[in-house]
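The values are calculated or read from the model by the stated rules, or taken from the named source; none is laboratory data. On a predicted model such as this, the values are computed, not experimentally measured, just so you know. So basically every Cβ, Gly included, is an ideal-geometry build from the backbone, and we count neighbours across all protein chains shown.
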2 protein chains.
Amino acid sequence: MARTRSPVTYPEKRARLLEVAQRLFLKDGYEATSMSKLAEQASVAPNTLYWYFADKDALLVEVLNATLQRGMSEYLAYVEEPLEVQLGWLARVFEELRPLVSTVHARAPLSAPVSVWHANFHAFMEAQFVEQMRKRGISVERARPSARIATFVLEGLMSHECSAEERDTLIRTLVNALD
Amino acid sequence: MARTRSPVTYPEKRARLLEVAQRLFLKDGYEATSMSKLAEQASVAPNTLYWYFADKDALLVEVLNATLQRGMSEYLAYVEEPLEVQLGWLARVFEELRPLVSTVHARAPLSAPVSVWHANFHAFMEAQFVEQMRKRGISVERARPSARIATFVLEGLMSHECSAEERDTLIRTLVNALD
DNA sequence: ACCTGAACACCGTTCAAGT
DNA sequence: ACCTGAACACCGTTCAAGT
């Protein structure tokens, strides 16, 4: 049977399933979104998902990548702004990732792909901060611990409920303290 | 039947079950420890646990409280030490809580008791730091954001693998930055 | 190649029944 | 009062069977 003539191609359907997963994971959380519920929302049988994705963690990693990439592509426009503006903007962008932060930490020890993604996320964020501080004349050795602190605080902001003013105050304090 | 003559009293058995839970939760993690496995280790039927604890989250909260309380009682001896020593010591104590940090964040939205415990933990930690900074002559308004940053970094240290030197460098940088 | 119904081994929890 | 065997409604995942 000529499956290439199917009204929906494989990558198209895969993308559609990913969209549904992204929506439900970010809205209800990973744990609260069962594969069955996800399948139902996508109008397929639960096991159909396993034709497109290895397992639920693979789905998680793809959702994380898609969201992060979307955020980072916008982030590049802010590279010339002061560190305070950058951090505030990152915190706001990653706000939508909030429901998945604790999930990543919980799943990382149980899933190699999630663990790799998590390590890469930290390395990437720290590298960004180190680069920004280096540009402002701080040596790499002195910048690295500060970059890790900034990443931890960013992660803290991501994983805890926090008003906009609190967030801005925190970031201002952090930036003042670090330079 | 005179149950009070039972060889093991209710609170004794409850404490024993809690010990088993503490051991398994801290060793294997909350998610990896099923109620059945826990029951097996304690040599009772799985549903017996529900006679002593409302549900699995209640067991988690009790384990958290026991571990935290043990840590904090030791902490009081360090109250006169410099902030750097204090923080380092806290980070080392809470190292054993590492496997449960992400669990607390993951369960908090789904369990009111866990959510309350988490809120109390943050409030308590921040109050400690604010008090320490106040003692060192920093106003409360200026201390609060710094205390929150310190708490976030502490939580970051708790939830991520980190060598002892890295941890000490981080804490030194943080303390230098905040005062 | 793509999709499904049925089944598997688990999970936390409940309930009726025992002592 | 304390404990259990059996059952419930779920979960993520697999497999044989369909087209």
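Taken over the range B:102-120, residues that are surrounded by fewer than 20 Cβ atoms within 10 Å (Cβ to Cβ) and either at pLDDT below 95 or more than 11 Å from every other protein chain (Cβ to nearest Cβ) (or both) amount to 7. Residues of the range B:22-45 that are part of a helix (DSSP H, G or I), under 24 Å from residue B:104 (Cβ atoms) and within 15 Å of DNA strand D (Cβ to nearest atom): B:35, B:36, B:37, B:38, B:39, B:41, B:42.
In this structure, residue A:18 does not satisfy being surrounded by 14 or more Cβ atoms within 10 Å (Cβ to Cβ) and assigned by TED's automatic domain parsing to the domain that holds residue A:113.
Figure legend. Inter-residue proximity from the range A:68-96: first residues of a type in the set (Val, Ile, Thr), second residues surrounded by 13 or more Cβ atoms within 10 Å (Cβ to Cβ), beta-carbon distance below 6 Å, spacing 6+ or different chains. Indicated pairs: A:93/A:71.
Conditions: (1) more than 14 Å from chain A (Cβ to nearest Cβ); (2) aliphatic (A, V, I, L, M); (3) within 16 Å of DNA strand C (Cβ to nearest atom). Residue B:85 meets all but one. Number of the miss? Status for residue B:85: all satisfied but (3).
The residue of the range B:121-169 that is farthest from the other protein chains (Cβ to nearest Cβ), among those that are more than 22 Å from residue A:169 (Cβ to Cβ) and hydroxyl-bearing (Ser, Thr, Tyr), is B:163. Take residue A:66 and tell me if it is more than 14 Å from chain B (Cβ to nearest Cβ), within 16 Å of DNA strand C (Cβ to nearest atom) and more than 21 Å from residue A:153 (Cα to Cα). Considered against the rule, which asks whether it is more than 14 Å from chain B (Cβ to nearest Cβ), within 16 Å of DNA strand C (Cβ to nearest atom) and more than 21 Å from residue A:153 (Cα to Cα), residue A:66 comes out as no. One residue stands out among those in the range B:62-91 that are surrounded by 15 or more Cβ atoms within 10 Å (Cβ to Cβ) and of a type in the set (A, V, I, L, M): the one that is farthest from residue B:23 (Cα to Cα), which is B:83.
Checking the structure you have, find out if any residue of the range A:36-49 is basic (Lys, Arg) and either within 11 Å of DNA strand C (Cβ to nearest atom) or assigned by TED's automatic domain parsing to the domain that holds residue A:101 (or both). No - not one qualifying residue is present in the range A:36-49.
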